[in-house]
Amino acid sequence: MTNQEIENIQLELLTLADYEALKEAMIESYSSLSDAYWKESRISKLVTSFPEGQVVIKVDGQLAACALSIIVDYDLYSDRHTYKQITKDYTFNSHTDDGDVLYGIDVFVKPEFRGLRLGRRLYDYRKELCENLNLKGIVFGGRIPNYHKFSDELTPKQYIDKVKMREIEDPVLNFQMSNDFHPSRVLKGYLPGDSASNEYAVLLKWDNIYFEKPEKRVQALKTIVRLGLIQWQMRLYKNVDELMQQVEYFVDAVSGYKSDFALFPEFFNAPLMAKYNDLSESDAIRKLAGYTERIVEQFAQLAMSYNINIIAGSMPELVDDVLYNVGYLCHRSGKVERYEKLHVTPDESRVWGLQGGSQLRTFDTDCGKIGILICYDSEFPELSRILADDGMNILFVPFLTDTQNGFSRVRYCAQARAIENECYVAIAGSVGNLPKVHNMDIQYAQSMVFTPCDFAFPANGIKAETTPNTEMNLIVDVDIDLLRELNQFGSVRNLKDRRKDLFYLRKK
């Protein structure tokens with residue numbers, strides 16, 4: 001199955017209603033093993049005793065991958081254990097809520113869904129679960145199904161060393177190591193019947209650097225959110241495929257650093273208008289609007305494939321022959337939501353014939369509520385105040401400015417929004433020149449992340465910033481808990497101290 005054929009990828013907790021699909025998937029995934037699936041009573045035990053440890057990924061409603069886990073008191077076992085021992089004779093009675101290590105019982109992806117990075121998504125979930133439960137780390141015995149091809153000439157240790165040195169390709173072990181799991185030792189006789197591995201396994205571990213003894217805390221939403229800002233270089237592209245190759249390069253880059261969001265600039269796809277430079281500016285941008293639907297579909301696929309929420313800057317869109325400046329929030333789950341630029345600049349109205357939209361709302365994400373305002377909209381404080389009243393934690397501002405004074409208007413207004421609304425504000429723009437596109441000759445940008453100004457934040461209210469007018473990424477962590485503390489205990493409290501007895505703000 002290709003990314004283009006997928007409409008939805010969803011990570012969910014496993015339920016007994018999924019059992020028949022789970023059984024079928026395990027049989028297909030472990031075709032070389034006998035009794036390659038868990039009985040329903042065993043799955044029931046896992047789901048009942050540790051529901052959050054059992055997750056599946058469904059692709060367009062079809063079960064495609066699964067991860068099963070338990071919590072164990074690892075001091076009761078040595079690093080020389082077998083699968084039978086760690087599961088207490090396959091009963092999972094070894095699970096205890098008072099344990100200190102998340103033990104991986106199983107991870108698999110159905111053959112037809114391999115190549116979609118679903119395994120990485122499952123491992124990322126396990127890591128977040130381990131951190132949220134304040135466990136020491138993750139441990140599991142990893143099969144080495146290619147070892148039987150080399151067992152006559154190599155010991156398991158020699159085989160693992162050659163895999164580490166990339167002298168032997170082992171897709172399973174290479175994948176696990178690329179996801180930060182380090183081999184600890186070789187386990188002999190780990191899984192009886194695993195002839196492909198000669199019944200050997202590699203004990204793999206991942207250490208939770210945030211572990212604090214003895215506190216345990218479970219959090220529903222992430223509190224540390226990683227933002228990936230793309231400072232986009234305007235350059236000419238032969239076609240939309242070449243433009244989207246550059247888009248995927250940046251998505252791959254920021255997702256490789258486990259970013260939760262990727263933010264693209266306003267009108268990042270403007271180079272495609274070069275093909276229509278013989279037309280008037282208003283006709284050329286209407287031609288550009290013809291690419292929008294295709295680009296959004298590809299953004300949605302990238303969001304699911306790379307497990308990252310993408311704010312797709314903005315693009316022109318025709319609705320009943322009216323031209324709007326719109327963007328799309330592509331969730332990593334496959335969900336797609338639309339936002340509009342409400343205030344168009346005099347130039348956008350006069351040259352391109354753009355009209356302002358009417359939709360203003362926050363968006364619920366797996367990292368909390370966010371708001372999105374396109375460029376000029378950030379200069380109208382009423383908009384962000386309405387979003388803040390609706391619970392916004394992060395405001396994203398994709399922008400496009402040609403001169404430094406235009407950029408300064410966006411930059412300083414965006415920073416004011418962070419202070420007055422007690423939120424983070426991320427802005428991302430484009431740099432470079434487009435000499436073959438009318439009304440898009442030059443661009444000036446410096447992408448930045450702003451914070452409120454109080455003791456828990458940078459004194460100047462700037463969390464991070466790029467080099468001006470240089471193509472680059474900016475990756476920044478923001479702490480949502482600090483906003484809540486600011487709201488209650490800040491030196492000043494801009495949201496709480498408003499004189500609502502004198503004035504109020506409402507949305508029609």
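Tabulated data for the structure shown
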{"quantity": "Sorted by Cβ neighbour density within 10 Å, fewest at the top, the residues TYR339, TYR30", "calculated": "TYR30, TYR339"}
{"quantity": "Rounded to 5, percent antiparallel among DSSP beta bridges of region 343-451", "calculated": "45"}
{"quantity": "Inter-label distance for ASP364 and GLU40, nm, one decimal - labels placed 7 Å from Cα along Cα-to-Cβ", "calculated": "3.2"}
{"quantity": "Stretch gain in nm, segment LYS287-ASN239, where the contour uses 0.36 nm per residue and the Cα spacing is subtracted", "calculated": "16.0 nm"}
{"quantity": "Among beta bridges that DSSP assigns inside region 224-489, antiparallel share in %, nearest 5", "calculated": "60"}
{"quantity": "Cα-projected label distance for GLU28 with SER178, points at 7 Å along beta-carbon direction, nm", "calculated": "2.2"}
{"quantity": "For a label point 7 Å along the Cα-to-beta-carbon line of SER78, residues of region 128-142 with backbone N under 16 Å", "calculated": "none"}
{"quantity": "Angle in degrees between helix 404-421 and the longest Cα principal axis of the chain, rounded to the nearest 10", "calculated": "60"}
{"quantity": "Spatially close lysines, pair count over region 224-489: Cα under 16 Å, gap of eight or more or interchain", "calculated": "7"}
{"quantity": "Rounded tilt (10° steps) of 40-49 against the dominant C-alpha axis of the chain", "calculated": "60"}
{"quantity": "Global form of region 35-166, assessed from the alpha-carbon gyration tensor, a/c cut-off 1.5", "calculated": "oblate"}
{"quantity": "For PHE396, residues with placed amide H under 5 Å, excluding near neighbours", "calculated": "GLY371, ILE372, LEU373, ALA426"}
{"quantity": "With Cα atoms, 0 to 90° folded angle of helix 480-489 axis to the chain main axis", "calculated": "60"}
{"quantity": "Cα gyration tensor shape for region 304-418, rounded if a/c is under 1.5, else prolate or oblate", "calculated": "oblate"}
{"quantity": "Cα→Cβ-extended label distance, 7 Å offset, between TYR249 and GLU212, nm", "calculated": "4.2"}
{"quantity": "Exposure proxy ranking, count of Cβ atoms within 10 Å, fewest first, for CYS130, CYS375, CYS453", "calculated": "CYS453, CYS130, CYS375"}
{"quantity": "Given [x] 24.0, 84; [y] 24.0, 78; [z] 25.8, 84, the label whose value is Rg and Dmax of the Cα atoms in Å derived from this model", "calculated": "[z]"}
{"quantity": "DSSP bridge orientation in the chain - percent antiparallel, rounded to nearest 5", "calculated": "75"}
{"quantity": "Additional length obtainable on full extension of the chain from ASP98 to ASP501, 0.36 nm per residue less Cα span", "calculated": "140.0 nm"}
{"quantity": "Within the chain, longest stretch free of exposed GluC sites (Glu not before Pro) [DSSP loop, at most 10 other beta carbons within 10 Å]", "calculated": "216-508"}
{"quantity": "Listed peptides 426-434, 359-367 by packing density, highest first (mean Cβ within 10 Å)", "calculated": "426-434, 359-367"}
{"quantity": "Residues of type aspartates and glutamates that LYS507 reaches as a straight line, Cα spacing below 13 Å, ignoring anything fewer than 8 places off in the same chain", "calculated": "GLU382, ASP389, ASP390"}
{"quantity": "For TYR77, TYR504, TYR412, order by how many other beta-carbon atoms lie within 10 Å, fewest first", "calculated": "TYR504, TYR412, TYR77"}
{"quantity": "Percent RCO, i.e. relative contact order, over region 224-489, from Cα pairs under 8 Å lying at least 6 residues apart", "calculated": "22"}
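The numbers here are math on the coordinates, done by the rules we state, and not lab data. This one's a predicted model, so the numbers in the text were calculated from it and none came from an experiment. Neighbour counts run over all protein chains shown; Cβ positions are idealised from the backbone, glycine included.
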